[in-house]
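Engineer: Quick one: the structure is below, questions incoming.
What follows is calculated from the coordinates using simple rules that are stated; it is not laboratory data. Since we're looking at a predicted model, the values are computed, not measured. Here the Cβ positions follow ideal geometry from the backbone for every residue, glycine too, while neighbour counts run over all protein chains shown.
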Amino acid sequence: MTTQTIPERKDVATDDQWDLTPLFNSDAAWEETFEIVQKDLDAYAGYRGRLGASAEVLREAIAFDLDLSRRLDRLYTYAHLKNDEDQSNQDYLGLYQRAVGLYTRAAELSSFMRPEIMAIDQASMDAFLEAPELAEYRFHLEKILRLRDHTRTPEEEELLAMSQEMAQTARQVFGQLDNVDLNFGTLNDDKGREVELSHGNFTTFLQNPDRAVRRQAFDQYYTRYEAHKNTIAAALGGSVKGDLFYARSRRYEDCRAAALYSDRMPAAVYDNLIATVRENLDPLFRYFDFRRQALGLDQLHFYDTYVPIVKAVQFKMAYEEAVQTCGQALAPLGEDYVRTMLAGLGGTWVDRYENRGKRSGAYSSGCYDSPPYILLNYEPANINSLYTLIHEAGHSMHTHLSCQHQPYVYHNYTIFVAEVASTFNETLLSAHLLAQYRDDPPMQAYLLNREIDNIRATLFRQTMFAEFELEVHRRAEAQQPLTLEALTGIYRGLLEAYFGDRLVIDDALALECLRIPHFYAAFYVYKYATGISAAIALASQVMAGEAGARERYLEFLTLGGSRFPLEELAVAGVDMTSPEPIRQAIAHFESLVAELQEVYGKL
């Protein structure tokens, strides 16, 4: 019997690796730049106390800060990519830690700049903003000045800064317990093999066709959270109280306002999302009814909501073919977009396959002075790898176009718009594959099932998470206790609302709120739901050939961080202050469910 083993990094073909030489030709070149940047940090001291002297001095200080940040980005990007190639390589781990340390030192030495800019009197700042020397930095300064009302005295700011590390304790406690100390034991899969249960394979077990295996995995997984529920509830409550402390310290109306402020995001966007999804749960309920019937079940439990309705189809696609498939799917975006993407994916942007010690999962990275880089662990027999490739290509093309069209100060886009480009690509891929397999009902049904469950998880589920965060923080703001019973009580109520009577709510499922890491970075998850809604709306416009839709979308990809996110999405052609994009996404979900029912009937 031949045993397939994971190759060592040194055995990976060069053509299957990314090329980092645009960053640095060698480790020695990295070391040389590191030493120069380290010495240049001392120059910050020359600007302290002088930023209000003149527009010219302020311009010089900003230009120095941005130039240093740009060089730091190169150092950090090279170090983290090399470290992720093989995390057992101690040399590159050391490089990465030194890059992080240099970033931290730069942040400390430059920390005076924002408070000092805010302290410039209004008349002087008004004159500075009109000065030609600062024209290219006007929006950069305006974003800083927006924080004036939420900035305290230098002494208070120093204390708040000093408290940040302590404030991470709740998150660190949860992280250590969840990622290190929890042991989920082993269980037998449907083939009788004993397998260790983990975060990584929990969803895989929930997709197992054997219901007994799914139920055992669910029960065993949540038994561990049951054993630590009071500790985790205390950690989550502590994190929420930390959010409240900083919101009040900086004079925000509430915790959500503090989280939305930097993106200039109205609370109405958040409220519209929750209200619109709540008002349109019937398509989700109908899907659960169909899922229960298709699986031949009397009752649907949570552990029945991930298993494919259609048995896994045979799929195999080599990486090179996957690249070409991405090009075909994205043809509606035009020849220039596709040509650039194909050159990158087929060339030196992507580190393609798994090797021993390589970071798991996938991401898009890079900096202003490098190509976008994509880390993959591509598996030809897994259709999810194809979707991951086109997803990360969306991020990378967004980065590439932003860097091409924006100066360094505005090249970096916000998280709110980041998921639009990646999800847009996935939507076009699904449409392309459904057309390609129009004469293959099993594959069509499988693809539809996959797309429906993706939207369910990203739109409906993340909205439920967003509503939970809002309710928990409101409870803290009203000085109400955040006990285990309070947290799980709120969550159970939401489960009953979002699943209706279509799902049996097992008692253990109320503990799900204790295992979501995103809850320790509050008011973040709603961006997944708004992102997929915007992406579906924009993809529909482009695929329908709507006049100007492609051009508007491509312009959106060039904007980087040169505008606030709602303004950028308006350029693309979608108004996220309106509930309409959410309604469109739900209507798209409903149409996919109807199509699945029709195709499934032919099997």
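Engineer: Determine the shape class of region 248-395: with a ≥ b ≥ c the square roots of the Cα gyration tensor eigenvalues, call it rounded for a/c under 1.5, and otherwise prolate if a/b is greater than b/c, oblate otherwise.
Structural biologist: oblate
Engineer: Quick one: in region 429-532, what % of C-alpha pairs are over 16 Å apart?
Structural biologist: That fraction is 65 percent.
Engineer: When the chain is fully extended, how far beyond the present Cα-Cα distance does residue 405 get from residue 111, taking 0.36 nm per residue of separation?
Structural biologist: Stretched fully, the residue 405-residue 111 segment lengthens by 103.0 nm.
Engineer: Whole angstrom only: what separates the Cα centroid of region 1-45 from the Cα centroid of region 89-125?
Structural biologist: So the two Cα centres are separated by 23 Å.
Engineer: Given contacts defined as C-alpha pairs under 8 Å and at least six residues apart, what's the relative contact order of the chain, whole-number percent?
Structural biologist: 19
Engineer: Cα-based Rg (one decimal) and Dmax (whole number) for the chain, in Å?
Structural biologist: So, for the chain, Rg and Dmax equal 25.3, 80 Å respectively.
Engineer: Measure nothing fancy, just the Cα-based angle from helix 462-477's long axis to the longest principal axis of the chain, in degrees from 0 to 90, nearest 10.
Structural biologist: That works out to roughly 60 degrees.
Engineer: Can I ask one more? Provide the FRET efficiency to the nearest 0.05 for the residue 131-residue 169 pair, computing r from the beta carbons and using R0 = 51 Å.
Structural biologist: 0.70
Engineer: Here's a follow-up. What FRET efficiency comes out for the pair residue 39/residue 162, r = Cβ-Cβ distance, R0 = 35 Å, nearest 0.05?
Structural biologist: So the FRET efficiency works out to roughly 0.80.
Engineer: Expressed in nm to one decimal, what extension gain is obtained for the pair residue 70 and residue 439 from 0.36 nm per residue of sequence separation less their Cα-Cα distance?
Structural biologist: 127.7 nm
Engineer: Based only on other Cβ atoms within 10 Å, what is the fewest-to-most ordering of 599, 180, 417?
Structural biologist: If I rank by nearby Cβ atoms, fewest first, I get 180, 599, 417.
Engineer: Another question about this same structure. Mean separation of Cα pairs under 8 Å and 6+ residues apart, divided by the residue count of region 273-413: what relative contact order is that in percent?
Structural biologist: Averaging sequence separation for qualifying contacts and normalising by length gives 19 percent for region 273-413.
Engineer: Any idea what the relative contact order of region 13-151 is, in percent, if you count C-alpha pairs under 8 Å spaced at least 6 apart?
Structural biologist: Value for region 13-151: 28 percent.
Engineer: Counting other Cβ atoms within 10 Å, keep those with at most 10, restrict to DSSP loop, and tell me which trypsin sites (Lys or Arg not before Pro) in region 166-198 are left.
Structural biologist: Here the trypsin sites (Lys or Arg not before Pro) that fit, given the DSSP loop and packing criteria, are 191, 193.
Engineer: Using helices alone, I'd like the mean residue ellipticity at 222 nm for the chain: each DSSP H run of four-plus residues gives -39500 (n - 2.57), total over residue count, nearest 500.
Structural biologist: Helix contribution divided over all residues of the chain: -19500 deg cm²/dmol.
Engineer: Follow-up question, since we're still on this one. May I ask you to order 195-202, 216-223, 448-455 by the average number of other C-beta atoms within 10 Å around their residues, highest value first?
Structural biologist: Per-residue Cβ counts within 10 Å, averaged per peptide and sorted highest first, yield 448-455, 216-223, 195-202.
Engineer: Taking the number of other C-beta atoms within 10 Å as the exposure measure, put 140, 391 in order starting with the fewest.
Structural biologist: 140, 391
Engineer: Related question: Apply the Karplus parameterisation 6.51 cos²θ - 1.76 cosθ + 1.60, with θ equal to phi minus 60°, to every residue of region 178-186 and state each ³J(HN,Hα) to the nearest whole Hz, in sequence, with x for glycine and proline.
Structural biologist: 6, 9, 10, 7, 6, 10, 8, x, 10
Engineer: At 0.36 nm per residue, minus the direct Cα-Cα distance, what do residue 234 and residue 253 gain on full extension? Give it in nm, one decimal, please.
Structural biologist: Between residue 234 and residue 253, full extension yields an extra 4.4 nm.
Engineer: Normalise the Cα radius of gyration of region 329-464 by 2.2 N^0.38 Å (N = residues in it) and let me know the number.
Structural biologist: Working it through for region 329-464, the quotient is 1.12.
Engineer: In whole Hz and in residue order, list the ³J(HN,Hα) couplings for region 59-72 that follow from phi through the Karplus curve 6.51 cos²θ - 1.76 cosθ + 1.60, θ = phi - 60°; x for Gly and Pro.
Structural biologist: Working through the residues one at a time gives 4, 5, 5, 5, 4, 5, 4, 5, 5, 5, 4, 5, 5, 4 Hz.
Engineer: Counting DSSP beta bridges in the chain, what percent are antiparallel, to the nearest 5?
Structural biologist: Bridges in the chain that DSSP calls antiparallel: roughly 65 percent.
Engineer: Taking H placed 1.01 Å from N in the peptide plane, check which residues at least 5 places from residue 373 or on another chain put their amide H under 5 Å from its amide H.
Structural biologist: Amide H neighbours of residue 373: 365, 366.
Engineer: Taking the 0 to 90 degree range and rounding to the nearest ten, how far is the long axis of helix 383-405 tilted relative to the main principal axis of the chain, both from C-alpha atoms?
Structural biologist: 20
Engineer: While we're on this one: Order these by the 10 Å Cβ neighbour count, fewest first: 166, 397, 125.
Structural biologist: So the residues, fewest neighbours to most, are 166, 125, 397.
Engineer: Report P(r) for region 13-151: all Cα-Cα distances, bin width 5 Å, range 0 to the bin holding the largest distance, values in whole percent.
Structural biologist: All Cα pairs considered, the percentages come to 2, 9, 17, 17, 14, 11, 10, 8, 6, 3, 1, 0, 0.
Engineer: Still on this model: Between rounded, prolate and oblate, where does region 485-603 land on the alpha carbon gyration tensor, with a ≥ b ≥ c its root eigenvalues, rounded for a/c under 1.5, else prolate if a/b exceeds b/c?
Structural biologist: Since a/c reaches 1.5 but b/c is at least a/b, the shape of region 485-603 is classed as oblate.
Engineer: Still on this structure, please answer the following. Taking the square root of 5 times each eigenvalue of the Cα gyration tensor, what semi-axes in Å does the equivalent ellipsoid of region 205-335 have, largest first?
Structural biologist: 37, 29, 19
Engineer: Going by Cα centres, region 204-254 and region 323-354 are how many Å apart?
Structural biologist: Rounded to whole Å, the Cα centres lie 38 Å apart.
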